[in-house]
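In what follows, a structure is listed as structure tokens, so that the remarks can point back to it.
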Amino acid sequence: MSAPVLEVAGLAKAFGGVRAVDDVSFTVVAGELLAMIGPNGAGKSTCFNMLNGQLSADAGAVRLLGRDVLGMKPRAIWRLGVGRTFQITATFTSMTVRENVQMALLSHRHGLGSLLSRASARHRNEADALLGRVGMREQGDRVCGVLAYGDLKRVELAVALANDPKLLLMDEPTAGMAPKERIELMALAASLAREREVAVLFTEHDMDVVFAHADRIIVLDRGRLIAQGEPAAVRADPQVQAVYLGSGAMFGHEVPA
């Protein structure tokens with residue numbers, strides 16, 4: 001197996017007396033899709049936010065391609081090659097689809113000092129190429145504020161790819177989407193990850209999406225890692241089954257946030 005793109009060791013975070021993340025360790029390699037799942041309050045969001053610098057950790061280590069990034073600011077981590085999508089889309093609604101991607105490309109190349117009137121002409125071809133990869137090239141001139149939610153998710157994926165990431169963090173990428181759109185978006189993300197050899201870590205509540213696309217799965221419960229492995233092994237794990245049955249959810253269906 002190739003060297004990990006992301007290595008997480010002993011990660012921990014407490015809020016008062018509550019251990020939101022408690023001694024969590026895992027790795028992700030290039031081209032792999034690793035799903036992080038767990039019931040409400042499992043610690044998924046807290047863990048995610050520590051990985052890209054939005055939240056400080058109490059203990060542990062996070063290494064990107066062997067480099068310790070724990071404690072770095074989100075922008076510094078982004079510049080090292082970490083892309084991210086969010087549960088709630090984060091595009092500039094007054095800008096066009098193409099301009100959103102161009103802004104990400106300009107930031108990646110330290111070009112945001114340019115006047116916006118000039119920026120609209122820069123990296124146009126590259127932006128169109130990225131939009132083409134996510135099926136949005138024909139909508140490049142549309143303002144993001146008028147797009148359907150599924151299309152916004154595709155634009156956000158193109159933006160996340162603009163800094164040529166080695167690691168892509170996808171926080172509930174299919175939230176709010178129709179079932180068909182969910183499968184299509186994750187199939188696209190999986191294809192791009194393998195084509196570009198990007199390591200992908202994603203959280204997801206739709207178990208159909210998880211088991212259809214994840215290469216491996218890690219399961220959190222009350223801040224602790226209770227299982228990890230290939231989908232079939234995780235599905236059969238008695239402790240995992242107990243956690244999800246206890247929440248009233250069965251595999252193959254959506255589980256609570």
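Values in this text are rule-based calculations from the coordinates and carry no lab data. Bear in mind the structure is a predicted one, so any value in this text is a computation, not a measurement. Backbone-built Cβ (ideal geometry, glycine too); neighbour counts: all protein chains shown.
A few notes on this one:
- Segment Ala61-Glu195, length gained on full extension (0.36 nm per residue, minus Cα span): 45.4 nm
- Projection of the Cα convex hull of the chain, averaged over all directions and equal to a quarter of that hull's surface, yields 13.8 nm².
- The ranking of Phe211, Phe48 from fewest to most other beta carbons within 10 Å of each one's beta carbon is Phe211, Phe48.
- Most positive-pole-ward Cα, Leu131, Asn40, Thr203, against dipole of the chain from beta carbon charges: Leu131
- Between 0 and 90°, nearest 10: helix 97-108 axis offset from the chain longest Cα axis: 80
- With bins 10 Å wide beginning at 0, the percent of Cα pairs of the range 1-80 falling in each bin runs 18, 51, 28, 3.
- Relative to the dominant Cα principal axis of the chain, helix 149-160 is inclined by about 80°.
- With helices as the sole contributors, the chain gives -10000 deg cm²/dmol at 222 nm; each DSSP H run of n ≥ 4 counts as -39500 (n - 2.57), and the sum is divided by every residue.
- Dipole in debye (nearest 20) - the chain, about Cα centre, beta carbon charges: Lys, Arg +1; Asp, Glu -1: 820
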